[in-house]
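Shown next, in structure tokens, is the structure this report addresses.
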Amino acid sequence: YSGGRLLSPCRKVGARARSFADEAALLAAPRERWSAINSGMAVSLRLFDNYRYDERIFLDGVDHRFVEDMRQRGELLTLIDYTCEQAFSGHERPPLSGALNRFSIFARDEAYILRGRKTDFWRVAGRRALKLTVQYRTTAFLKILIMAGNNGR
């Protein structure tokens, strides 16, 4: 949970992670559609016998990629009766310098994850850049977005 909202498990819809409205909605969804963030995740070490994280993804999306890779191997998420409250970066308002740094990481990771899917990149990263541009009243986020989008990492 973050800010009282169920954050993970979530579901992937296209290129975006979407929160479930509540635990009932989560439990009603097929486990094959679940995704999750690393926070609060317990993973059997045996899963790493033949798996390595994609080191080109620095932070954002590495967890969803892991869940998708495991799903392709037939390993599905299972709930543990545990609740974790965390401060999710998307729900906070850090100082401008921190927000710029965090968005820069996000934009680079999304550019890599969504390489070959430019429309998805511009929609996902652009939406966040616009939100931050309005929130902080600076175009610096748009400049980072354009740089990341054009580098196509």
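The values are calculated or read from the model by the stated rules, or taken from the named source; none is laboratory data. Being a predicted model, the structure only gives us computed values, none of them experimental. No Cβ is skipped: glycine too gets one built from the backbone with ideal geometry, and neighbour counts run over all protein chains shown. Just so you know, the surface numbers come from the protein's heavy atoms only, side chains and all, with ligands and any DNA or RNA stripped out. Shrake-Rupley method; radii C 1.70, N 1.55, O 1.52, S 1.80 Å.
With each label modelled as a point 7 angstrom along the Cα→C-beta vector, the residue 56-residue 75 pair spans 2.2 nm.
If you count, for each residue, the other Cβ atoms within 10 Å and average over each peptide, how do 40-51, 96-107, 13-24 line up from highest to lowest?
Working: 40-51: 10.2, 96-107: 17.2, 13-24: 13.1.
Highest to lowest by the protection proxy: 96-107, 13-24, 40-51.
Projecting the Cα atoms of 43, 114, 20 onto the charge dipole of the stretch 1-130, computed from C-beta unit charges around the Cα centre, puts 114 farthest toward the positive end. Entry note, the chain: the mean residue ellipticity at 222 nm calculated from DSSP H runs of n ≥ 4, each adding -39500 (n - 2.57), is -13500 deg cm²/dmol after division by the residues and rounding to the nearest 500. Considering only alpha-carbon pairs that sit under 8 angstrom and 6 or more positions apart, the relative contact order computed for the stretch 65-153 is 28 percent. In the stretch 55-140, taking the dipole from charged Cβ atoms about the Cα centre, the farthest positive-side position among 129, 105, 62 is held by 129.
Could you work out what % of the accessible surface of the chain is carbon and sulfur, using a 1.4 angstrom probe and leaving DNA, RNA and ligands out of the count? The computed percentage sits at 53.
Placing +1 on each Lys and Arg Cβ and -1 on each Asp and Glu Cβ, with no other charges, gives the chain a dipole about its Cα centre of roughly 800 debye.
Labels on offer are [x] 198; [y] 123; [z] 133, and the one holding volume of the Cα convex hull per residue in Å³ computed from this structure is [y]. Accessible surface computed residue by residue for the chain, with neighbouring protein chains in place and a 1.4 Å probe, gives 62 Å² per residue. Coordinate range of the alpha-carbon atoms in the stretch 58-125 per principal axis, descending: 40, 35, 19 Å.
Within a straight-line Cα-Cα reach of under 19 Å, residue 143 can be paired with the following lysines, leaving aside sequence neighbours fewer than 8 residues apart in one chain: 118, 131.
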